[in-house]
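Written below as structure tokens is the structure these notes are about.
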Amino acid sequence: MDGLLHAISIMTDPYLLFIVLCGTVGGVLVGALPGLTSTMATALLLPFTVMMPPVPAIALLSALYCAGTFGGSITAILINAPGAPPAAATAIDGYPMALRGEAGRALGMATVSSTIGGIFSVIVLLVAAPMLARMAYSFGPPEYFALALFGLSMLASITKGSAVKNLIGGTFGVLVATVGIDFTTGVERFTFGYPEMTEGIHFIPVMIGIFGGAELLAQAASLDVVYHRVAALAVKLPTKEDFKLVWKTIVRSCGIGTFIGILPAEGGTVAAMIGYNEARRWSKNKDEFGNGAIEGIAGPEAANNAATGGAMIPTLALGIPGSGTTAVILGALLVHGLRPGPYLFQEQPDLLYGIFGAMLVANILFLGIGLVGAKLFARITLIPRTFLWPAVFVLAVVGAYSLEQAMVDVGIMLVFGLLGFVLRRYGFAPAPIIMGIILGDLVENTLKQSLLLFEHDWTMFFGRPIAVSFFILTFLGLFGPFLFKQMKKMVGGN
Amino acid sequence: MTDTKTTQNGDGNKARPDQGSRPFSIHTDLPMGVAVLLFSAVVFYLTTLFDEVPSAMAQGVPPTQFPRLLLFLISAFAVMMMFQAWGQEAKKRKPLPKVVFLSAVLLIVFVSIVNWVGIIAAMMLFCIALPILWGERRFKIIAIFAAIYPVLVYFLFSRVMEVNFPLGFFTEFFR
């Protein structure tokens, strides 16, 4: 309760409130635009926030994250094109409802269930993050190494791309993080004689390129796609009957979303898919799913917004991103010289309560924005792509340059933009690469520190119970689905 | 209205699904796996070019060890990917339209000319060229967009965030 009051008291600052309002409005707009995701928007916005003090900077990104996740539902319902991947499941039932003239009801349900999911997860974040951080006090380099490894192993189970491709992407990201001077020996690695590369490849140009540049080329490939919009009437608050029908679904999805969000590397998209499937599984009206079931909107929307708070828990408490966007937020914390973990909770309580407060306020704000302005926000899809994407790429170039004021960063952004497009075309998702780059230093440094601690005896890892627990989870993360399938086959065979 | 997304081919007709039978084609993950293995081999070779570790630092983990461990993992995953794709038929992939390659070239040109013509002129040229390349023919709007947007972005970053951009020919003009 004290934490909640502290978060609210920080949010009484008018400047911070204004920043959060900007983040929320920006997030809903970005979320509503097909192709522009909250991950890309936070990556593009990151260079702007470098000049800001840490609390408003991270509050802005956090608000954008929450609102962007919701914003995707507007276009999912009205044009059957989810503005952001977490809203993909919402389109399954949202668009059929819009077609039969119930767009307002569908948008109202999406807004309310998103808000409930988001607020629930912020409360869990407020309680769980400090607890998890306190646990992390007992972590040494071996535990952090095992934890980072577990985080990377979870890439195998994210929905986009095949498991093995996600693992290749993640490992490639860790490899990219090795560029620069090796901190223990002072030897240059993969710098090709460029002095600018001795400090390594900064993840911000990589993120901007892989999300922004690659998406521009993806948009070029789909210029012939024409979206047909369903006219949105006034957004309607869910009725008592609607609530009776969906309250169990919302409660279930809040739990699912928060739990999935906490798992490293998983995010709103996985949470929404599971939320949708569970809503269908427990529903009495299974046949309506796919044809405009109201529970089919409440399930994924509550889950994907609940995942936002959940994903922030490992990000802030352990420094392991819970999703693609939280990887960018983690990057922003690092740019501001802040290393997430238990000491952050001790040394920067205002920052953390600022984040909690910003997320809470963003969830309340987008309830108002969604109910009053969804119709207006839907019009953003009318911006022609022929102007939108040049504008985005110009921002990408300027953003990549402004960080170190070096053209080499713009070159890196471009290379990763082109590479990202090629990799996406062949089924490699961009998020694992970013996760790998963010976690790369942590993996290598903690491995080296552990080996020095153990005098190069690998077996001593197994004398550390927490590390062993993470190794077991890593093993299950990698081979669990395969073992589960084999077990199911055996049981089925018998 | 049953579907929101329609695609049109070059001559304006609706794209038709392939009706005839297709010959068996190699799954793209196989050549992709080979490319990943080649990449790993090249990067492994690069690790052999690292400088010698100074003797005072030699007791730690060699700088080559971790990248090589990663390359081994990448190679192993690539083999797994190829194994999974073996014998599977390739998914039919829509060929990339020419505009994608031209857009990529435009991005490269944009970044390459920044130092030469300066950031503002480069942004303006890009804001003219890409919309035209993508089929935009409302030239008045393109002109307004290309004249206003880059200047706004430039002033936002240079005045508010105090970023010093390369100005190329116009360095003296802006000084």
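The values are calculated or read from the model by the stated rules, or taken from the named source; none is laboratory data. No experiment lies behind these values; they were computed from the predicted model shown. Methodologically, a virtual Cβ is constructed for each residue, glycine included, from the backbone with ideal geometry; neighbour enumeration extends over all protein chains shown. Calculation scope for accessible area: heavy atoms of the full protein, side chains included, ligands and nucleic acids excluded. Shrake-Rupley method; radii C 1.70, N 1.55, O 1.52, S 1.80 Å.
Computed quantities for the displayed model
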{"item": "Hey, B:Met80 assigned to a helix (DSSP H, G or I) and within 30 Å of A:Gln405 (Cβ to Cβ) or not", "result": "no"}
{"item": "Any hit, segment A:62-75, residues being within 13 Å of chain B (Cβ to nearest Cβ) and over 28 Å from A:Phe203 (Cα atoms)", "result": "yes"}
{"item": "Subset of segment A:12-29 that is over 23 Å from the mean Cα position of the chain (by Cα) and not aromatic (Phe, Trp, Tyr) - its residue that is least open to solvent (accessible area, probe 1.4 Å)", "result": "A:Asp13"}
{"item": "Residues (free of Cβ contacts under 8 Å to residues at least 40 places away in the same chain and either basic (Lys, Arg) or touching a Leu at 6+ places or on another chain (Cβ under 6 Å) (or both)) located in segment A:446-494", "result": "A:Lys485, A:Lys488, A:Lys489"}
{"item": "Residues within segment A:397-407 that are open to solvent by 10 Å² or more (accessible area, probe 1.4 Å) and touching a helix residue (DSSP H, G or I) at 6+ places or on another chain (Cβ under 9 Å), tallied", "result": "6"}
{"item": "Residue list for segment B:126-138, restricted to those being open to solvent by 10 Å² or more (accessible area, probe 1.4 Å) and in a helix (DSSP H, G or I)", "result": "B:Ile128, B:Ala129, B:Ile132, B:Leu133"}
{"item": "Check on A:Phe471, open to solvent by less than 60 Å² (accessible area, probe 1.4 Å), more than 11 Å from chain B (Cβ to nearest Cβ) and on the phi < 0 side of the Ramachandran plot", "result": "yes"}
{"item": "Failed item, numbered, when A:Cys22 is tested on (1) assigned to a helix (DSSP H, G or I); (2) more than 30 Å from A:Ala218 (Cα to Cα); (3) not aliphatic (A, V, I, L, M)", "result": "(2)"}
{"item": "Residue selected from segment B:72-89 under the condition more than 7 Å from chain A (Cβ to nearest Cβ) and small (Gly, Ala, Ser), by the criterion least open to solvent (accessible area, probe 1.4 Å)", "result": "B:Ala85"}
{"item": "Residue satisfying condition, being closer than 30 Å to A:Asn291 by Cα and within 14 Å of the chain's Cα centre (by Cα), within set A:Ala41, A:Ala63, A:Ala32, A:Ala67", "result": "A:Ala67"}
{"item": "Some residue of segment A:132-155 being under 30 Å from B:Met80 (Cα atoms) and without any contact (Cβ under 8 Å) to a residue 40 or more places away in the chain", "result": "no"}
{"item": "Pairs, first closer than 16 Å to A:Thr386 by Cα in segment B:137-155, second open to solvent by 80 Å² or more (accessible area, probe 1.4 Å), C-beta under 9 Å, six or more apart", "result": "B:Ala146/B:Leu125"}
{"item": "Flag for A:Ala76 being buried (at least 21 other Cβ atoms within 10 Å of the Cβ), over 13 Å from the mean Cα position of the chain (by Cα), in a helix (DSSP H, G or I) and at pLDDT below 90", "result": "yes"}
{"item": "Any hit, segment A:365-373, residues being within 14 Å of another protein chain (Cβ to nearest Cβ), open to solvent by less than 10 Å² (accessible area, probe 1.4 Å) and closer than 23 Å to A:Ala59 by Cα", "result": "no"}
{"item": "Out of A:Ala272, A:Ala279, A:Ala220, sole residue that is under 25 Å from A:Leu382 (Cα atoms), part of a helix (DSSP H, G or I) and open to solvent by less than 10 Å² (accessible area, probe 1.4 Å)", "result": "A:Ala220"}
{"item": "Residues within segment B:46-68 that are loosely packed, with under 14 Cβ neighbours inside 10 Å and either polar (S, T, N, Q) or closer than 22 Å to A:Leu453 by Cβ (or both), tallied", "result": "5"}
{"item": "A:Ala91 of a type in the set (A, V, I, L, M, F, W, C), within 14 Å of chain B (Cβ to nearest Cβ), free of Cβ contacts under 8 Å to residues at least 24 places away in the same chain and closer than 30 Å to A:Tyr276 by Cα", "result": "yes"}
{"item": "Boolean, A:Thr381 is hydroxyl-bearing (Ser, Thr, Tyr), surrounded by 21 or more Cβ atoms within 10 Å (Cβ to Cβ) and over 30 Å from A:Pro14 (Cβ atoms)", "result": "no"}
{"item": "Matching entry among A:Phe183, A:Phe203, A:Phe211, A:Phe190 (being facing another protein chain (nearest Cβ under 8 Å), among the aromatic types (Phe, Trp, Tyr) and either in contact with a strand residue (DSSP E or B) (Cβ under 7 Å, 6 or more places away or on another chain) or over 30 Å from A:Glu295 (Cα atoms) (or both))", "result": "A:Phe190"}
{"item": "Matching entry among B:Ala35, B:Ala104 (being among the aliphatic types (A, V, I, L, M) and surrounded by 15 or more Cβ atoms within 10 Å (Cβ to Cβ))", "result": "B:Ala104"}
{"item": "Single residue of A:Val410, A:Val394 found to be open to solvent by less than 20 Å² (accessible area, probe 1.4 Å), under 27 Å from the mean Cα position of the chain (by Cα) and without any contact (Cβ under 8 Å) to a residue 12 or more places away in the chain", "result": "A:Val394"}
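Residue by residue, here is whether (1) in contact with a strand residue (DSSP E or B) (Cβ under 6 Å, 6 or more places away or on another chain); (2) more than 7 Å from chain A (Cβ to nearest Cβ); (3) open to solvent by less than 20 Å² (accessible area, probe 1.4 Å); (4) not in a loop (DSSP other than H, G, I, E, B) holds:
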site: B:Lys91; (1), (2), (3), (4): no, yes, no, no
site: B:Pro95; (1), (2), (3), (4): no, yes, no, no
site: B:Val99; (1), (2), (3), (4): no, no, no, yes
site: B:Trp116; (1), (2), (3), (4): no, yes, no, yes
site: B:Met124; (1), (2), (3), (4): no, yes, no, yes
site: B:Lys140; (1), (2), (3), (4): no, yes, no, yes
site: B:Tyr149; (1), (2), (3), (4): no, no, no, yes
site: B:Val153; (1), (2), (3), (4): no, no, yes, yes
